[in-house]
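To start, the structure under review is shown below, and the notes come after it.
Please treat every number below as a calculation from the coordinates, not as lab data. The structure displayed is predicted, hence computed values, not measured ones. Note that each Cβ is placed from the backbone with ideal geometry, even for glycine, and that neighbours are counted across all protein chains shown.
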Amino acid sequence: MESLDAVRASIGAAAAIAGREPQDVTLVAVSKNRTAEDVSPLLEAGQRHFGENRVQEAAAKWSRLRDRWPDIKLHLVGQLQSNKTEEAVRLFDSIHALDRPSLVEAVARAQDRTGAQPSCFVQVNVGAEAQKGGCAVEDLPPLLDLARRAGLDVRGLMCLPPQGVEAAPYFALLAKLARDNGVAGLSMGMSGDYQTAVKIGATHVRVGTALFEDRAAG
Ligand SMILES: *Cc1c(COP(=O)(O)O)cnc(C)c1O
């Protein structure tokens, strides 16, 4: 599949520049607003990690696809409401937008009830934007501490940098926060900036448009 090959090649090239191994970067294909038909070519081409931003939409789309491809890994990349936590914990292998104590507690309760333990990324509001999710930089250490004590499988940090400005400084900030706080994972980089994110250490890039929209048609 052309777009998938192109994104994989770009990840490989960026990793090589940074002296990293391409297999240390997980490509999460963000399939929100895409149908089961849209994702089929990616599945046929071997892509297994997919990202969604709504619990209900993901459940409807993926339950049957998972019967056919049991090794699919689903990532919740959007905001999670506390009342959907139990369903989210059952459905998703990974939750990328953990950003507040009440949600940490809801995930912990949902883990107890379901026995599932998704890997978690704490979202940091690196640009200190009022309209954006994510915890404030200064709230990160206590939130990480709470999540670990509550038994969550905390893998790393996630960010959505401000739009319209150079993303690299925000990626570098997230990487520094991860080092300072002893977490290894970095969920950062989307269609417009995933190569930059890989050079700065992203372990998970979340790519939608570049995979699903034919660039030749644009
Ligand atoms: C939609 C979305 C993406 C993918 O964005 P593209 O620009 O289409 O690659 C990544 N992360 C999050 C949180 C998203 O909501």
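Filtered by the rule that a residue be within 11 Å of the ligand (Cβ to nearest atom) and hydrophobic (A, V, I, L, M, F, W, C), region 28-54 gives VAL28, ALA29, VAL30. Here region 49-65 is the region considered, the condition is being out of contact with any strand residue (DSSP E or B) (no Cβ under 8 Å at 6 or more places or on another chain) and surrounded by 14 or more Cβ atoms within 10 Å (Cβ to Cβ), and the residue that is nearest to ARG206 (Cα to Cα) is ARG54.
Listed here are the helices (runs of 4 or more DSSP H) enclosed by region 5-93 that have at least 2 residues being among the hydroxyl-bearing types (Ser, Thr, Tyr) and over 15 Å from the mean Cα position of the chain (by Cα), and there are none. Suppose the filter is in contact with a helix residue (DSSP H, G or I) (Cβ under 6 Å, 6 or more places away or on another chain) and within 16 Å of the ligand (Cβ to nearest atom); does CYS120 pass it? Considered against the rule, which asks whether it is in contact with a helix residue (DSSP H, G or I) (Cβ under 6 Å, 6 or more places away or on another chain) and within 16 Å of the ligand (Cβ to nearest atom), CYS120 comes out as no.
Can you find a residue that is in contact with a strand residue (DSSP E or B) (Cβ under 6 Å, 6 or more places away or on another chain) and surrounded by fewer than 19 Cβ atoms within 10 Å (Cβ to Cβ) anywhere in region 119-129? Even if it seems obvious, please write down each step before you answer.
To start, the set of residues in region 119-129 that are in contact with a strand residue (DSSP E or B) (Cβ under 6 Å, 6 or more places away or on another chain) comprises 119-124.
Add one more test, that the residue is surrounded by fewer than 19 Cβ atoms within 10 Å (Cβ to Cβ), and what stays is 119.
So far as region 119-129 goes, yes, one or more of its residues are in contact with a strand residue (DSSP E or B) (Cβ under 6 Å, 6 or more places away or on another chain) and surrounded by fewer than 19 Cβ atoms within 10 Å (Cβ to Cβ).
The residues on offer are ALA147, ALA175, ALA168, and the sole one that is more than 16 Å from the chain's Cα centre (by Cα), without any contact (Cβ under 8 Å) to a residue 60 or more places away in the chain and buried (at least 17 other Cβ atoms within 10 Å of the Cβ) is ALA147. When you check VAL207 against the structure, is it of a type outside the set (Phe, Trp, Tyr) and surrounded by fewer than 16 Cβ atoms within 10 Å (Cβ to Cβ), yes or no? Judged against the criteria, VAL207 is not a match.
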